[in-house]
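The values are calculated or read from the model by the stated rules, or taken from the named source; none is laboratory data. What you see is a predicted model; the values in this text were computed from it and never measured. Counting neighbours? That spans all protein chains shown, and the Cβs are built from the backbone with ideal geometry, glycine included. Quick note on the areas: whole protein, heavy atoms, side chains included, nothing else; ligands and nucleic acids left out. Shrake-Rupley method; radii C 1.70, N 1.55, O 1.52, S 1.80 Å.
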Amino acid sequence: MPHTPIQFAVLFLSIFAHLHGEEVAVSANDRPNIICIMADDLGYGDVGCYGATEIKTPNIDRLAAEGRRFTSGYCSASTCTPTRYSFLTGVYAFRQKGTGVAPPNSPALIQPGTATVASVLKEAGYKTVVIGKWHLGLGGKDGPDWNGLLKPGPLDIGFDHAFLLPTTNDRVPQVFVRDDRVLNLDPQDPLWVGDKKPSEDHPTGLSHRHTLKMDWSHGHNATIHNGISRIGFYTGGNKARFRDEDLSDRWVQDAKEWMTENRKQPFFMFFASHAIHVPRVVHERFQGASKLGPRGDAILELDWSVGELMKAVEELGLKEKTLIVFCSDNGPVLDDGYVDEAIEKLGKHDPSGPFRGGKYNVFEGGTRTPFIASWPGRIPVGESTDIISTIDLPATFAAIANAKVPEMAFGDSVNLHGALLGEADATGRPHLVTQDNGQAGNFGFRVGKWKLMRLDSERATNVELRLSPTKLPKFQLFDLEQDPEERHNVIDQHADVAETMRMELEAIIKQSK
Ligand code: CA
């Protein structure tokens, strides 16, 4: 049957759009608000809807029950900073030097002018906010000016508003950053942050260990604040300091206020929870609430935060206008520097679920994490085995928001809006590279059921959720269908598969961004 001119134009446009990866996912007046809730150090098996039986997470479970639960959802790295870098830029962190775990005085790792998920959505008319843990550095090449303007920072790469923990809470300092300044900083009591002891009598976790309310197990023994010693040193800024116990409450409150103010236009919120990262010091009402110790209590607090955000969206009448994605920045770890009974009280709980490994390594447990997408009325309820990663969210959110992605931007981010929204015939990624902290050249490379592991360091840590390093071959191959736990290296039986994958991985690594 011959096409009418209009049909032909539509056909042509759809082919053209497909070729250029600019498929329009939703019409302009149907664009949803987008909330990305990123948990910290949360493992695949840490929540009920992914198999946990020893702890209850009713809110995260409800989000999954109302949406789409991915069983091959990943973060791009197995530590905090590189996953966050890739989530914002759509570029693998291994392409950019210095994107491993950022120290307290790290300069901004993402330079102004870089396209980010926030800048692209802002350009398309979204209001944008980041609330929670930043850990991507602040300031110019000399690092943050803690007593002045913290620029460049999130406001320079696309966020309209920021309410942040500037680093991560086992590192100094314990202050909030609102937009581009430390909140409540008294100029008479300037904040100093450094990596050397500021004076002989400066109390630390070594000299004043007997005063600590949570003892350290390794590292984490420098400046003490709130009875907890940290990595790094700081003095001053006393009025600006927060209690660890109040982090989640404060961020939930700020998120609710910001959503209320911005409910009339489409908005994008990056809610970067600190739970369940160390130090696991939750609000008093959650202390002892789980039987798993502080790590379990932190899961309950995280679940509460998710529930509060869901409730706020409902109360604002935005439930069917809001896409919520829930993910994690890396897999689980037990003893990560503090004596908090994470191992002793673990019992039958299995933080990495059916997988091996966790934070700091490239076994599946390091990067395969809970990954849920909910948009009631739009995303069909169900499960998906499609491969999707946090690095795909920039291109995917841009498509869903009908936003234009600048040429050359989001180079490693695949537009998976069909997979995320549960559309028929949609597929996930054909392949996925994962990395650890990025110092040693350790990679996971998944293609379908195959997983190639390349360990340039020939060792990995936290393989059995204990931090001592394990010596391993440089290359291993696993069949994830037969062996999801990655116990049986089949590289000798499938040398041809391994060799093809080794070359493909090498080619991807060598591509410039
Ligand atoms: Ca993390």
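Quick notes on this structure:
- Count - residues of region 428-481 that are over 30 Å from Arg69 (Cα atoms), open to solvent by 30 Å² or more (accessible area, probe 1.4 Å) and assigned to a strand (DSSP E or B): 4
- Leading residue by the ranking (surrounded by the fewest Cβ atoms within 10 Å (Cβ to Cβ)) among those in region 344-355 that are touching a residue at least 60 places away in the same chain (Cβ under 8 Å) and not aromatic (Phe, Trp, Tyr): Lys348
- When region 101-124 is filtered for residues that are open to solvent by 10 Å² or more (accessible area, probe 1.4 Å) and outside any loop (DSSP other than H, G, I, E, B), the ones remaining, listed by number, are Ser119, Lys122, Glu123.
- Qualifying residue in region 400-414 (condition: assigned to a strand (DSSP E or B) and either out of contact with any Lys or Arg (no Cβ under 7 Å at 6 or more places or on another chain) or closer than 23 Å to Ala118 by Cβ (or both)): no
- Ser72 closer than 25 Å to Ser374 by Cβ, surrounded by 24 or more Cβ atoms within 10 Å (Cβ to Cβ) and modelled with pLDDT of 95 or more: no
- Pairs, first open to solvent by 10 Å² or more (accessible area, probe 1.4 Å) in region 78-100, second part of a loop (DSSP other than H, G, I, E, B) and of a type in the set (Phe, Trp, Tyr), C-beta under 8 Å, six or more apart: Val91/Phe410
- Given (1) surrounded by 18 or more Cβ atoms within 10 Å (Cβ to Cβ); (2) more than 30 Å from Trp375 (Cα to Cα); (3) away from the ligand (no atom under 16 Å from the Cβ), number of the condition Arg285 does not satisfy: (1)
- Output for region 238-277, where each listed residue is part of a strand (DSSP E or B) and among the hydrophobic types (A, V, I, L, M, F, W, C): Phe267, Phe268, Met269, Phe270, Phe271, Ala272
- Qualifying positions in region 125-169 - surrounded by fewer than 18 Cβ atoms within 10 Å (Cβ to Cβ) and either touching a Phe, Trp or Tyr at 6+ places or on another chain (Cβ under 7 Å) or in contact (Cβ under 8 Å) with a residue 60 or more places away in the chain (or both): Gly125
- Residues that are touching a strand residue (DSSP E or B) at 6+ places or on another chain (Cβ under 8 Å) and closer than 28 Å to Gly125 by Cβ within region 177-199 comprise Val177, Arg178, Asp179, Asp180, listed in sequence order.
- Just one of (1) assigned to a loop (DSSP other than H, G, I, E, B); (2) within 19 Å of Lys56 (Cβ to Cβ) fails for Asp335. It is (2).
- Any hit, region 356-371, residues being surrounded by fewer than 24 Cβ atoms within 10 Å (Cβ to Cβ), away from the ligand (no atom under 16 Å from the Cβ) and in a loop (DSSP other than H, G, I, E, B): yes
- Verdict on Gly411 being under 18 Å from Ile508 (Cα atoms) and crowded, with 21+ Cβ neighbours inside 10 Å: no
- Scanning region 486-495 for residues that are among the charged types (D, E, K, R) and farther than 15 Å from Phe445 by Cα returns Arg487, Asp492.
- Residue satisfying condition, being open to solvent by less than 10 Å² (accessible area, probe 1.4 Å) and among the basic types (Lys, Arg), within set Arg230, Arg241, Arg250: Arg230
- When residues of region 289-341 are limited to those that are out of contact with any Asp or Glu (no Cβ under 7 Å at 6 or more places or on another chain) and on the phi > 0 side of the Ramachandran plot, the one least open to solvent (accessible area, probe 1.4 Å): Gly317
- Selection status of Arg68, in contact (Cβ under 8 Å) with a residue 12 or more places away in the chain and within 19 Å of the chain's Cα centre (by Cα): yes
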